[in-house]
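The values are calculated or read from the model by the stated rules, or taken from the named source; none is laboratory data. As the structure is a computational prediction, the values presented were derived from the model and not from experiment. No Cβ is skipped: glycine too gets one built from the backbone with ideal geometry, and neighbour counts run over all protein chains shown.
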Amino acid sequence: REAKLAAEKKKLEEATEDEDGQKPKGIAPNSGNGADYANYTFTQSLQEVEVRVPLPAKGVRGKQLKIDIGLENLSVAMANNAAEPLVKGPLFAKIKHEDSFWTVEDGNTAVLHLVKHNKQEWWKTVIKGDPEVDLQKVQPENSKLDDLDGETRQTVEKMMYDQRQKQMGLPTSEEQKKQDILKKFMAAHPEMDFSNAKIQ
């Protein structure tokens, strides 16, 4: 995993601009819109973050862990080695720590469910200072769009649609609108010559 992260960083440093003249603004997100680090992985929705920390032992129980979830800080350690935490540092953004919790999965992974304070924001990382995710490459799940108010949802859907169209080399919603207007105008004025018409 460390090698993968190092490769991602190198790729980022050597990255060239894309078709929009933009350089990547971080590492590519994993399939859960988060990242895979050496000591933890995270996935997220707009409302929550799930952090998975591999444990250095098998058959671990909750009482063998020392986990502190604060408003702006996080620490995960084995109780018998609290001086050397597996994950520790300031959180990327505030959370509702009273609604957040953790469990142990299969005796070898600590799974933390963090509820975001700002539920309209994607996190670039969990611990400040860790390599950040390129939020331009985050793919919101359609089901999560239901949580947004009408106007925000419309804007997000339009942005997602335009991004997909661009990737496929197809016209965006604005360009399509212009094309439709021109087609209607052409149909209404068959006597005019539109062979050299260009859509700006």
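Step by step: first the residues of region 105-120, then only those that are loosely packed, with under 14 Cβ neighbours inside 10 Å and within 15 Å of the chain's Cα centre (by Cα), then the one that is nearest to Glu72 (Cα to Cα). Which residue is that? Checking each candidate, the answer is Asn118. When Lys183 is tested against (1) part of a loop (DSSP other than H, G, I, E, B); (2) surrounded by 10 or more Cβ atoms within 10 Å (Cβ to Cβ); (3) more than 15 Å from the chain's Cα centre (by Cα); (4) at pLDDT 75 or above, only condition (1) is not met.
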